[in-house]
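Data first, discussion second: the structure below is written as structure tokens.
The values are calculated or read from the model by the stated rules, or taken from the named source; none is laboratory data. Since the structure is predicted, the reported quantities are computational estimates derived from the model, not experimental observations. With ideal geometry, Cβ positions are generated from the backbone for all residues, glycine too; neighbour counts draw on all protein chains shown. These area figures cover heavy atoms from the full protein model, side chains too; ligands, DNA and RNA do not enter into them. Shrake-Rupley method; radii C 1.70, N 1.55, O 1.52, S 1.80 Å.
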Amino acid sequence: MRITAVTCVKNEGPFLLEWIAYHRLIGVTDFLFYSNDCTDGSDVLLDALAQRGGLSHLPNPAKGRAYQMEALKDCAHQPVVQQADWIWIADVDEFLNIHVGDHSIPALIEACHSPAAISVTFQFFANAGIERFEDRPVIEQFTRSHNPDIWCGETAIEVKSLTRRDFPLGYYGAHRPFVSKSAKTHPRWCDGSGRQVPQKFLTAANPRRIRKFPAKGARQLATLNHYALRSLDSYLVKNDRGDVNRENRAFDDTYWRERNDPSWEDRSILRLLPDLKAALAGMKSDPEIARLHDACVAAHLAQRDALLAQPAYQAMRAQLQKASPLPPQEEAMLMRLGLM
């Protein structure tokens, strides 16, 4: 089974090897990376990995600021996508955590009885007081999250999707595929528990249900672990670079607080940690790959230091260190009830 992962990156160099190694462990056979405006060596590392096979690296084709949407439009025409049996579209801070069988994508597909698409619900992993960047697996460092079924008072939580080759595709979205307008019937489409997705999500009936559906009971077979914050050091660098969708996007403390709820512990993904560490050691046994990875780490730390020389980033760091561990919505509710 050929499974192609498609992703967009900008200055994600320190995290690339882990993401690739992890996804190979769960059954991804091919990767298609799009990069734009990298200054940390991410593009150079990806080029070196591409030379070794199983990975393609292209410049992002976007002419404006819709980096991810333009890349996803382009990917549908790339052989590595066209020849795949399944497509997985996700970001480098997102890890598909499969709870069934041998914890692989093929095991998830089998457990869902081979639907045309599987949409897996996010679980946001908190920073939980980790300030310093460390060059070791992200999945090992961050194990605290919100209540899996409720995030910031929301019971409908976003998803990312696996799409089968014969899906009646209109186009790929960042969170889910969209059914072609010419399709005569809707495909069988499962959530992360193997259940049919809600009708409003299936048909993209309204904006509120295009990217999400209720999370309760939706992760029996798989969870999407989302490490949007990582360490405080890395968050500052992320804030500086923006993201793949919008240039110079500012992540204010609302974004941080919404994703920094440490009330739940979930260590289930760590069952793959020994194999992940072995796979990373194997990749780094190649001297050039190890050197380029180390250069990305050095650039990440140098950017952190440059930012912290600026009063604005010193103030931002202090603000985040003092920020309430409660999501804004939860804190506002407690204040209304007179409990704070």
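Quick notes on this structure:
- Its relative contact order, with pairs defined as Cα atoms under 8 Å and 6+ residues apart, puts segment 125-190 at 20 percent.
- Its DSSP H runs of at least 4 residues, each contributing -39,500 (n - 2.57), put the calculated 222 nm mean residue ellipticity of the chain at -10000 deg cm²/dmol, to the nearest 500.
- Expressed as a whole percent, the accessible area of the chain that falls on carbon and sulfur atoms is 51 (1.4 Å probe).
- Under conditions of 25 °C and 0.890 mPa s, segment 115-258 yields 147 µm² s⁻¹ as its translational diffusion coefficient, taking Rh as the Kirkwood radius over Cα pairs in the Stokes-Einstein equation.
- Sorting 13-25, 276-288 by their mean Cβ neighbour count within 10 Å, with the most densely packed peptide first, gives 13-25, 276-288.
- Subset of Lys160/Lys216; Lys238/Lys322; Lys181/Lys216 violating a 22 Å alpha-carbon distance limit: Lys181/Lys216
- Residues of segment 105-163: accessible area per residue with a 1.4 Å probe, Å²: 31
- Distant-in-sequence amide H partners of Phe31 (H built 1.01 Å from N, under 5 Å): Ala5, Leu55, Ser56
- Derived scalar couplings ³J(HN,Hα) [segment 293-305; Karplus, 6.51 cos²θ - 1.76 cosθ + 1.60; whole Hz; x for Gly, Pro]: 4, 4, 5, 5, 4, 4, 5, 4, 5, 5, 5, 4, 5
- Among 323-333, 257-267, sorting by the average number of other beta carbon atoms lying within 10 angstrom of each residue, highest first, gives 257-267, 323-333.
- The modelled label-to-label distance between Arg52 and Ala66, using points 7 Å beyond Cα along the C-beta direction, is 3.6 nm.
- Ranked by the mean number of other Cβ atoms within 10 Å per residue, highest first, peptides 68-74, 101-107 order as 68-74, 101-107.
- Only the Cβ atoms of Lys and Arg (+1) and of Asp and Glu (-1) were treated as charged; on that basis the dipole of segment 43-109 about its Cα centre amounts to roughly 220 debye.
- Per residue, the convex hull volume that the Cα atoms of segment 53-120 enclose (Å³): 127
- Computed extension length for Lys216-Gln83: 44.4 nm, one decimal, from 0.36 nm per residue of separation with the Cα-Cα distance subtracted.
- Table column - 3J(HN,Hα) (Hz), segment 309-324, Karplus curve with 6.51, -1.76, 1.60, x for Gly and Pro: 7, 9, x, 5, 7, 4, 5, 5, 4, 4, 4, 6, 5, 8, 4, 4
- Cut-off under 5 Å, modelled amide H: who pairs with Ile157 long-range: Phe213, Ala215
- Residue-by-residue Karplus 3J(HN,Hα) for segment 188-204, coefficients 6.51, -1.76, 1.60, Hz, glycine and proline x: 6, 9, 10, 8, x, 10, x, 8, 4, 5, x, 4, 5, 6, 3, 9, 6
- Taking Cβ atoms as reference points and 15 Å as the exclusive limit, the residues near Asn147 contribute a net charge of -3, counting Lys and Arg as +1 and Asp and Glu as -1.
- Computing FRET efficiency as 1/(1 + (r/R0)^6) for Gln199 and Asp135, where r is the C-beta to C-beta distance and R0 is 51 Å, gives about 0.65.
- Kirkwood-type radius of segment 5-162, with distances r between different C-alpha atoms, in Å: 17.1
- Kirkwood-Stokes translational diffusion coefficient of the chain, alpha-carbon pairs, 37 °C, 0.692 mPa s, µm²/s: 159
- Calculated on alpha-carbon atoms, Rg and Dmax of segment 1-89 in Å: 12.3, 36
- Based on C-alpha pairs under 8 angstrom that are at least 6 apart in sequence, the chain has a relative contact order of 23 percent.
- Distance from segment 83-142 to segment 27-70 (C-alpha centre basis), Å: 19
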